[in-house]
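Input: a single structure, listed below in structure tokens.
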């Protein structure tokens with residue numbers, strides 16, 4: 001059995017869940033409207049189901065393009081350019097963003113001191129990431145650690161106020177129960193002047209392209225889930241969750257309401273569209 005780091009075991013009992021205890025508030029789970037307190041367990045079930053085939057399905061459903069998007073995401077941030085960074089990668093259980101950050105810092109700037117704390121609410125996803133890092137030079141070094149915790153309410157004893165230089169979250173924030181709560185926590189743990197960066201599926205602006213993308217998403221991706229992972233339902237949810245995520249201007253405003261400063265509300269300002277808006281990079285600075 002895979003043995004996870006002590007930091008992971010330490011984080012688990014400290015994760016409070018008071019933010020989800022409400023009998024009156026609702027949220028979305030794909031196209032369904034559900035009580036807020038139900039979403040965390042439903043999302044956990046989805047990622048328990050897809051963890052072992054997550055990278056395979058991402059490759060199949062995006063024809064490998066998600067790797068290019070992640071490369072662009074990290075390259076845009078240039079970790080290591082101004083010296084070693086303390087980074088936190090949230091909803092990053094598989095470790096692919098953390099590995100890119102460490103590789104970019106080392107290969108581009110000869111930086112072997114940048115560190116990444118990988119945080120995820122799902123233990124199965126963290127096991128996948130830990131296994132991935134066992135094959136790298138960063139295994140058993142201070143440069144990476146894994147923590148099971150909730151992005152909406154991170155344990156203050158482990159994730160202190162004003163302690164990180166860079167916060168990343170890639171294809172994860174749309175699965176959280178409360179996006180404003182995640183943004184608030186991101187603002188809390190970042191140092192003043194530090195960077196928040198989010199890579200997420202977004203809104204396609206071209207009507208024709210949007211129609212073709214919808215046809216592909218709702219017909220092909222769930223079918224791939226059935227064939228490759230034996231799990232159509234989870235991939236149907238993933239497609240629906242993309243459509244429920246706020247548009248680029250709406251999400252940018254949510255980021256500002258959390259206390260961050262962004263560029264103007266346009267592509268190339270507060271956000272950068274990838275492939276016509278299928279995915280999008282949002283960046284901001286903590287005031």
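This table checks each residue for (1) out of contact with any helix residue (DSSP H, G or I) (no Cβ under 8 Å at 6 or more places or on another chain); (2) part of a helix (DSSP H, G or I); (3) touching a residue at least 40 places away in the same chain (Cβ under 8 Å); (4) surrounded by 19 or more Cβ atoms within 10 Å (Cβ to Cβ).
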{"position": "104", "(1), (2), (3), (4)": "no, yes, no, yes"}
{"position": "125", "(1), (2), (3), (4)": "no, yes, yes, yes"}
{"position": "128", "(1), (2), (3), (4)": "no, yes, yes, yes"}
{"position": "131", "(1), (2), (3), (4)": "yes, yes, yes, no"}
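Counting only residues that are in contact (Cβ under 8 Å) with a residue 40 or more places away in the chain, assigned to a helix (DSSP H, G or I) and more than 23 Å from the chain's Cα centre (by Cα), which one in region 202-221 is nearest to residue 276 (Cα to Cα)?
Once the filter is applied, the top-ranked residue is 209.
Just checking: which of the strands (runs of 3 or more DSSP E) contained wholly in region 1-94 hold 3 or more residues that are at pLDDT 75 or above?
On the way: elements: 26-29, 32-35, 86-90.
Of the strands (runs of 3 or more DSSP E) lying wholly inside region 1-94, those with at least 3 residues that are at pLDDT 75 or above span 86-90.
Looking at region 222-240, which of its residues are farther than 22 Å from residue 33 by Cβ and assigned to a helix (DSSP H, G or I)?
223, 224, 225, 226, 227, 228, 229
The values are calculated or read from the model by the stated rules, or taken from the named source; none is laboratory data. Values in this document were obtained by computation on a predicted structure and should not be read as measured data. Note that each Cβ is placed from the backbone with ideal geometry, even for glycine, and that neighbours are counted across all protein chains shown.
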